[in-house]
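> One structure is given below, represented as structure tokens, and several questions about it will come after.
What follows draws every value from the coordinates through simple rules; no lab data is involved. Since the model is a prediction, treat every value here as computed from it, not as a measurement. Every residue, glycine among them, receives a Cβ derived from its backbone with ideal geometry; neighbour counts consider all protein chains shown.
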Amino acid sequence: MAILVGRETRVICQGMTGRAATFHVRRMLNYGTRIVGGVTPGKGGRRHLDLPVFDTVAEAVAATGANASLVFVPPDRAAAAMIEAIRAGIALVVCVTERVPLIDMVRVRQALDGSRTRLVGPNSQGVLAPGVAQLGVMATTSARKGGIGIASRSASLTSEIVAQITRAGLGQSATVGVGGDPVHGLTLAQCVELFDADNETEGMVLIGEIGGSDEEQAAEAITRLRPRKPIVALVAGRHAPRLRRMGHAGAFTSERAGSAHSKIEVLLAAGVLIAPNAHNVGELMREALRSARNSAAHPI
Amino acid sequence: MDLHEFQAKELLERFGIDIPGGRVVESSADALRAAEGLGGRRFVVKAQIRAGDRARHGGVRFADSPRTAAVEAGGLLGRRIVTPQTPEGGALVKWVYVEEAVEAIQQLYAAVVLDRGSGRPLALASAHGGDDIEDRAERDPAIVQSIPLTVRDNAADGDFAGLAGRIGLSGAALASAAQLLRQLAQAFIALDASLIEVNPLALTASGRLIALDAKLSIDDNALFRHADLRALRDYMERDESDPVELEAQHHQINYIRMTGDIGVLVNGAGLALATLDMVCDAGGRPANFMDIRTTATSLDIARGFRLILDNPAVRSILVNVHGGGMQPCDTIAEGIGIAMRRGYLRTPARDVPIIISMAGNHAEFARTVLANTGVPHIACSTPWEAVQKAVTCARAESSSWLSSLVAKRA
């Protein structure tokens with residue numbers, strides 16, 4: 001099975017009655033995702049897309065046995081919706097909302113501490129397990145069921161890499177967008193752990209970019225776990241324009257430099273294969289898998 | 001949103017933080033009046049630019065009379081100050097801040113910043129403030145101490161006294177530093193800040209802590225709940241943003257001006273960064289960074305495409321789009337079609353080659369849209385092919401432009 005989602009995943013959508021959510025829930029239903037209901041405060045008792053609508057997540061969980069939620073709520077209320085899902089004990093929360101205030105995300109992260117919830121996002125395209133379930137807003141046309149796990153900080157770049165992996169004849173076990181915001185839930189490092197433990201995943205692709213410390217944390221996890229699966233990483237932003245900096249405090253946090261080069265260095269040191277450019281991720285993965293299989297077939 | 005020093009200080013003063021008396025001015029005549037109004041014997045004249053490391057790069061001057069303050073202000077206004085923290089061209093000084101000088105017996109450092117790794121705010125402090133704190137911390141990381149903060153209701157809590165103690169303060173100085181850190185943390189939450197930095201923080205002979213400089217960045221995503229700060233942003237945007245970048249912002253597009261000759265249009269920030277890397281690796285020079293947000297309509301995209309066309313340095317245009325669920329390719333094709341149909345390519349000289357790679361959601365349909373709208377372009381089946389083509393076209397364009405120039409001279 002894939003990571004994070006499976007056939008037993010029962011999904012509710014918070015904010016389902018909205019226009020964009022309606023569009024995407026319909027797409028997800030068509031993909032075969034088991035969506036069991038929606039939550040919109042004040043609209044409990046109605047039906048939408050032939051699914052029951054509830055006022056609260058707790059009511060939806062009690063009535064439907066939902067264990068995953070897709071949060072499709074505007075930015076001013078998104079954090080409250082995520083915290084409600086966490087308190088209701090939902091195992092997987094995926095938030096696609098863009099522009100959630102930072103302090104709100106700090107509160108969400110505090111609510112996550114000690115909970116049983118895994119949060120993906122916000123500002124994430126979601127989780128796709130080809131042929132199994134779609135929890136998010138990503139394109140699904142070029143995705144194929146296969147053995148490559150993809151974890152990414154960027155939605156549109158993921159679509160491009162998914163297409164390359166499929167063209168290379170490989171397919172994906174799952175694709176996860178950890179989200180483009182500074183403070184988010186699931187990290188690239190946690191994706192590495194999940195893909196490493198997943199027996200359907202044969203290789204991993206990590207898609208990073210400048211800023212933050214997700215790639216550095218992933219490198220630490222890789223050094224610690226020593227996965228036997230090949231890992232290819234792409235770090236975008238080697239030639240990004242120089243931006244204004246305000247003061248020194250950023251240099252004293254876990255973020256430090258966060259340049260593409262420093263990220264590439266730590267990933268290389270962890271034994272990760274670095275894709276020289278966005279267009280050769282697919283080939284590189286195919287080659288890495290081939291040599292991994294050869295060395296497994298012919299141990300020295 | 002990054003604020004100027006004078007704006008940051010005005011906001012921080014509301015949270016009980018001590019600041020020197022000062023006035024912001026736009027001319028040296030006003031600087032003279034401001035200094036006379038402030039009284040005192042020594043003044044500091046400070047260029048208002050929104051980037052750090054200003055003092056070491058000529059942005060802060062001292063004056064021992066109102067008349068000298070006026071002369072120093074005149075020397076700063078209209079100048080561009082370049083520091084390691086400004087964009088390449090530096091920052092233009094439109095305002096200077098005239099302040100009474102404060103005698104410090106020690107310069108401290110205090111900040112509250114969001115730590116992305118842990119997802120929590122951190123309070124930072126040091127007994128060794130000043131512009132060169134980063135260099136000194138590199139040699140001796142222990143000079144900057146930090147504590148994590150917990151957000152509760154409308155405050156951020158932490159062991160502020162413990163932090164003040166760890167940087168070597170004691171007695172009354174420890175108590176006032178702990179209080180100042182608490183005030184900064186409160187301001188951080190109340191203002192939806194992503195950074196507050198007071199550097200240097202003066203400790204005076206009388207035991208007062210005074211913020212000599214302040215940096216404040218507000219989370220743009222939270223401006224919906226701060227009408228006053230939103231108004232401030234609109235005012236600052238009008239006054240000093242790059243008009244092209246600003247117009248792009250208003251059309252759901254992130255645009256950053258660069259110095260090359262290949263115009264680049266991409267959907268999504270990650271793909272846009274990866275595209276710039278590909279262009280540079282193929283030997284080209286991007287003219288801009290452009291990330292079309294998922295919320296952009298085809299009309300927004302038309303405006304964005306026009307911004308690229310209007311850049312006289314552009315010799316080829318690369319469109320690299322991977323349609324997702326939120327924004328299919330045809331929306332972008334339609335935007336380009338509108339831009340071309342409205343005759344934005346005004347003169348034959350601006351007949352720039354357009355190279356397009358589209359994949360993902362509705363890519364086929366987008367190709368039909370481009371054909372139907374009659375956009376002359378070179379279609380490529382992969383982004384890398386498109387990148388190489390765009391680089392070749394830019395080179396060819398510049399050489400033909402050069403040869404026509406040479407022909408004219410001859």
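> With every atom except the alpha carbons ignored, what do you get for Rg and Dmax of region B:1-158, in angstroms?
Spelled out, the Cα radius of gyration and Dmax of region B:1-158 are 17.4, 50 Å.
> Something else now. Can you give the net charge of the other residues whose Cβ lies under 10 Å from the Cβ of B:Val151, counting K and R as +1 and D and E as -1? Before the final figure, lay out the partial values.
Details: positive: A:Arg107, A:Arg109, B:Arg120, B:Arg152; negative: A:Asp104, B:Asp153, B:Asp157.
The answer is +1.
> Taking amide H atoms as placed 1.01 Å from N in the peptide plane, list the residues 5 or more away in sequence, or in a different chain, whose amide H sits under 5 Å from that of A:Gly146.
Excluding prolines and chain starts, which carry no amide H, the hits are A:Gln172, A:Ser173.
> Just to be sure I understand: of the beta bridges DSSP finds with both ends in region B:243-409, what percent are antiparallel, rounded to 5? Before the final figure, lay out each step's value.
Details: 5 of 23 bridges.
Given both bridge residues lie in region B:243-409, the antiparallel proportion sits at roughly 20 percent.
> Work out, in µm²/s and without decimals, the Stokes-Einstein translational diffusion coefficient of region B:243-409 at 20 °C, 1.002 mPa s, Rh from Kirkwood over C-alpha pairs.
Numbers: Rh = 15.6 Å.
Rounded to a whole number, D works out at 137 µm²/s.
> Translational diffusion coefficient of region B:115-216 at 10 °C, 1.306 mPa s, Stokes-Einstein with Kirkwood Rh over Cα pairs, in µm²/s as a whole number.
On the way: Rh = 14.1 Å.
So the translational diffusion coefficient is about 113 µm²/s.
> At 222 nm, what helix-only mean residue ellipticity would chain B give, in deg cm²/dmol to the nearest 500, using -39500 (n - 2.57) for each DSSP H run of four or more?
Details: 13 runs with 162 residues, N = 410.
So the calculated ellipticity at 222 nm is -12500 deg cm²/dmol.
> Right, next: To the nearest 20 debye, what is the magnitude of the charge dipole of region B:243-409 about its Cα centre, counting +1 on the Cβ of each Lys and Arg and -1 on the Cβ of each Asp and Glu? It would help to have the intermediate numbers written out before the result.
Details: 15 positive and 14 negative charges, 127 e Å.
Charge dipole, region B:243-409, about its Cα centre: 620 debye, nearest 20.
> May I ask which residue of A:Val25, A:Gly45, A:Pro74 lies farthest towards the positive end of the charge dipole of region A:22-87, with charges of +1 (Lys, Arg) and -1 (Asp, Glu) on Cβ and the Cα centre as origin?
Going by the Cα projections, it comes out as A:Val25.
> Checking the table B:Lys46/B:Lys94; B:Lys9/B:Lys215; A:Lys263/B:Lys215 against a 18 Å threshold on Cα-Cα, which pairs fail? Display every interim value, and only then the final one.
Values: B:Lys46/B:Lys94 11 Å; B:Lys9/B:Lys215 8 Å; A:Lys263/B:Lys215 28 Å.
With Cα atoms farther than 18 Å apart: A:Lys263/B:Lys215.
> Quantify how much of the Cα-Cα distance distribution of region A:1-88 extends past 21 Å, in percent.
Details: 855 of 3828 pairs.
Percent of Cα pairs beyond 21 Å in region A:1-88: 22.
> Counting DSSP beta bridges in region A:1-123, what percent are antiparallel, to the nearest 5? Spell out each step's value before the answer.
Working: 2 of 19 bridges.
Of all bridge pairs located within region A:1-123, approximately 10 percent are antiparallel.
> Can you give the Rg to Rh ratio of region A:153-280, both from alpha-carbon atoms, with Rh computed by the Kirkwood formula? Present the calculation step by step, with values, prior to reporting the outcome.
Details: Rg = 14.6 Å, Rh = 15.2 Å.
Here the Rg-to-Rh quotient is 0.96.
> Suppose R0 equals 35 Å; then what is the FRET efficiency for B:Arg341 and A:Leu29 from their Cβ-Cβ distance, rounded to the nearest 0.05? Write down the numbers at each step before the final one.
Numbers: r = 37 Å, r/R0 = 1.07.
Plugging the Cβ-Cβ distance into 1/(1 + (r/R0)^6) gives 0.40.
> Cross-link partners among aspartates and glutamates for B:Lys389, C-alpha distance below 14 Å, same-chain residues fewer than 8 apart left out?
List returned: B:Asp261, B:Asp281, B:Glu397.
> Once amide H atoms are placed 1.01 Å from N in the peptide plane, what residues at a sequence separation of 5 or more from A:Val94, or on another chain, have their amide H within under 5 Å of its amide H?
Under 5 Å from the amide H of A:Val94 lie the amide H atoms of A:Ser69, A:Leu70, A:Val71, A:Val120, each far enough along the sequence or on another chain.
> May I pose another question? Among DSSP beta bridges lying fully in the protein assembly as shown, give the percent that are antiparallel, nearest 5. Intermediate values should be presented prior to the final figure.
Working: 59 of 113 bridges.
About 50 percent, rounded to the nearest 5.
> Averaging over all projection directions, find the projected area of the Cα convex hull of region B:21-101 and quote it in nm² with one decimal place. Before the final figure, lay out the partial values.
Numbers: hull surface 17.7 nm².
Its average projected convex-hull area is 4.4 nm².
> What are the semi-axes of the equivalent ellipsoid for region A:90-222, taken as the square roots of 5 times the Cα gyration tensor eigenvalues, largest first, in whole Å? Write down the numbers at each step before the final one.
Details: eigenvalues 111, 47, 41 Å².
Calculated on Cα positions only, the semi-axes equal 24, 15, 14 Å.
> Can you give me the distance in nm between label points at A:Arg167 and B:Arg67, each placed 7 Å from the Cα along the Cα-to-Cβ direction?
The two pseudo-label positions are separated by 7.3 nm.
> Okay, next question. Under a plain spin-label model, where a point goes 7 Å from the Cα along Cα-to-Cβ, how far apart in nm are B:Ala190 and A:Ala292?
With each label placed 7 Å out from Cα toward Cβ, I get 5.4 nm.
> Moving to a separate point now. I want to verify a result. In a Gaussian network model of chain A, Cα cutoff 10 Å, which of these has the top mean-square fluctuation: A:Ser124, A:Ser154, A:Ser259?
Result: A:Ser259 has the largest fluctuation of those listed.
> How high is the FRET efficiency from A:Ala62 to B:Gln249, r the C-beta distance, R0 60 Å, rounded to 0.05?
E between A:Ala62 and B:Gln249, to the nearest 0.05, is 0.85.
> Under unit Cβ charges (Lys, Arg +1; Asp, Glu -1), what dipole magnitude, rounded to 20 debye, does chain A have relative to its Cα centre? Display every interim value, and only then the final one.
Numbers: 33 positive and 25 negative charges, 91 e Å.
So the dipole magnitude of chain A works out to roughly 440 debye.
> Now for a different question. Among B:Arg120, B:Arg395, B:Arg139, which one moves the most in a GNM of chain B with springs linking Cα atoms closer than 10 Å?
Of B:Arg120, B:Arg395, B:Arg139, the most mobile in the Gaussian network model is B:Arg139.
> Could you state the orientation-averaged shadow area of the convex hull built on the Cα atoms of region A:24-142, in nm² to one decimal? Please list the in-between numbers first.
Values: hull surface 28.8 nm².
Across all orientations, region A:24-142 yields a mean hull projection of 7.2 nm².
> Would you mind calculating the gained length between B:Asn372 and B:Ala175 on full extension (0.36 nm times residue separation, minus the Cα-Cα distance), in nm to one decimal? Don't skip to the answer; put the middle values down first.
Working: separation 197, 0.36 × 197 = 70.92 nm, distance 7.22 nm.
Answer, rounded to one decimal: 63.7 nm.
> Which of A:Ala21, A:Ala251, A:Ala270 ends up with the largest GNM mean-square fluctuation for chain A, with Cα atoms connected below 10 Å?
With Cα springs under 10 Å in chain A, the top fluctuation among A:Ala21, A:Ala251, A:Ala270 is at A:Ala251.
> Another one. Once you wrap a convex hull around the alpha carbon atoms of chain B, what is its projected area averaged over all directions, in nm²? Write down the numbers at each step before the final one.
Details: hull surface 98.5 nm².
So the Cα hull casts an average projection of 24.6 nm².
> What nm distance separates the two modelled labels at A:Leu49 and B:Ala313, each placed 7 Å from Cα along Cα→Cβ?
In this crude label model, A:Leu49 to B:Ala313 measures out at 4.6 nm.
> May I pose another question? Please grab the % of Cα pairs in chain A that end up more than 23 Å from each other.
Values: 24456 of 44850 pairs.
The calculated P(r) of chain A puts 55 percent of pairs beyond 23 Å.
> What Kirkwood hydrodynamic radius, in Å, does region B:145-269 give when the mean of 1/r is taken over all pairs of distinct Cα atoms and then inverted?
Values: mean 1/r = 0.0562 Å⁻¹.
Computed over region B:145-269, the radius equals 17.8 Å.
> Let me ask you something else. Let me check I've understood the local charge: for B:Gly58, count other residues with C-beta under 13 angstrom from its C-beta, Lys and Arg +1, Asp and Glu -1. What total comes out? Write down the numbers at each step before the final one.
Numbers: positive: B:Lys46, B:Arg54, B:Arg56, B:Arg61, B:Arg79, B:Arg80; negative: B:Asp53, B:Glu72, B:Asp131.
Summing Lys and Arg as +1 and Asp and Glu as -1 gives +3.
> 222 nm [θ] for chain A, helices only, -39500 (n - 2.57) per DSSP H run of 4+, per residue, to 500? Spell out each step's value before the answer.
On the way: 9 runs with 107 residues, N = 300.
About -11000 deg cm²/dmol.
> Report the Stokes-Einstein translational diffusion coefficient (µm² s⁻¹, integer) for the protein assembly as shown, Rh taken as the Kirkwood radius over Cα pairs, at 25 °C with viscosity 0.890 mPa s. Provide the component values of the computation, followed by the final result.
Values: Rh = 27.3 Å.
Roughly 90 µm²/s, to the nearest whole number.
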